[in-house]
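> Got a structure for you, questions after.
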Amino acid sequence: MPYINLPEGLPGIRGPLAFRPETAKPINALAEVLLRGPSTLTPGERELIATYVSSQNDCFFCQNIHGAIAAYHLGGNEKLVADVKQDYQGAGVSPKLKALLAIAGKVQQSGKYVTEGDIARARREGATDLEIHDTVLIAAMFCMCNRYVDGLATWQPDDPDMYRARAALTAQGGYGKTP
């Protein structure tokens with residue numbers, strides 16, 4: 001049960017965003033740019049970064065919704081999403097994405113844990129400065145969103161089909177643009 005009176009029937013972050021719509025607009029705009037905007041990283045790769053950080057933060061809602069969105073963008077590959085959450089180094093993703101996930105994981109713990117060596121590895125694997133920047137910002141944003149969702153004890157359904165259905169809407173329509 002949420003700690004404050006949130007609108008009913010809106011799981012995870014959707015409840016707090018509806019509670020305070022003036023904060024929803026910039027949060028959704030940032031999610032739209034980082035996860036769906038023009039990038040050399042695919043939407044699936046960016047959603048995997050969000051999913052990984054959310055899993056490291058143990059945010060049930062965010063890791064499940066963004067995992068479902070990642071899987072949607074990856075042709076329904078839920079196994080790859082689970083593999084990234086479990087052991088991204090052993091997952092079937094590119095060496096570049098593994099290097100970016102390493103950076104994201106360090107940002108999740110503390111931005112100060114990211115080293116020049118981490119950045120050099122990402123560059124060796126082909127990551128651009130923009131991809132490195134966006135990885136750090138996705139990780140930082142999801143730390144904030146995970147704490148927003150869990151700090152208010154939002155409703156987080158267990159039904160994977162709910163996450164899949166919502167993922168399709170978000171993947172097709174965008175952040176903050178679907179009911």
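The values are calculated or read from the model by the stated rules, or taken from the named source; none is laboratory data. What you see is a predicted model; the values in this text were computed from it and never measured. Positions of Cβ are backbone-derived with ideal geometry, glycine not excepted, and every protein chain shown enters the neighbour counts.
> Do we find that SER39 is more than 21 Å from GLN109 (Cα to Cα), hydroxyl-bearing (Ser, Thr, Tyr) and in contact (Cβ under 8 Å) with a residue 40 or more places away in the chain in this structure?
So SER39 passes the test.
> When you go through (1) touching a residue at least 60 places away in the same chain (Cβ under 8 Å); (2) more than 23 Å from PRO38 (Cα to Cα); (3) part of a loop (DSSP other than H, G, I, E, B); (4) not β-branched (Val, Ile, Thr) one by one for TYR163, which number turns out not to apply?
(3)
> In addition: Mind listing just one residue for me: the one in segment 4-51 that is of a type in the set (D, E, K, R) and in contact with a Leu (Cβ under 8 Å, 6 or more places away or on another chain) and, of those, nearest to HIS66 (Cα to Cα)?
In this case the residue turns out to be GLU47.
> So GLU116 passes all but one of these: (1) under 27 Å from ARG14 (Cα atoms); (2) surrounded by fewer than 17 Cβ atoms within 10 Å (Cβ to Cβ). Which condition number does it fail?
(1)
> Please count how many residues of segment 89-106 are over 17 Å from ALA127 (Cα atoms) and outside any loop (DSSP other than H, G, I, E, B).
Number of matching residues: 1.
> If you don't mind, there's one more thing I want to ask. Hey, does segment 28-46 have a residue that's touching a His at 6+ places or on another chain (Cβ under 6 Å) and either under 30 Å from PRO95 (Cβ atoms) or β-branched (Val, Ile, Thr) (or both)?
The answer is yes, given that some residue of segment 28-46 is touching a His at 6+ places or on another chain (Cβ under 6 Å) and either under 30 Å from PRO95 (Cβ atoms) or β-branched (Val, Ile, Thr) (or both).
> With assigned to a loop (DSSP other than H, G, I, E, B), at pLDDT 95 or above, closer than 24 Å to PRO2 by Cβ and polar (S, T, N, Q) as the only criterion, which of THR178, THR170, THR154 stands out?
Step by step, each of THR178, THR170, THR154 is checked, and only THR154 is assigned to a loop (DSSP other than H, G, I, E, B), at pLDDT 95 or above, closer than 24 Å to PRO2 by Cβ and polar (S, T, N, Q).
> For ARG46, all conditions in the list (1) surrounded by 22 or more Cβ atoms within 10 Å (Cβ to Cβ); (2) touching a Phe, Trp or Tyr at 6+ places or on another chain (Cβ under 9 Å) hold save one; what is the number of the exception?
(2)
> Of these, ALA139, ALA127, ALA70, which one is in contact with an Asp or Glu (Cβ under 7 Å, 6 or more places away or on another chain) and buried (at least 19 other Cβ atoms within 10 Å of the Cβ)?
ALA70
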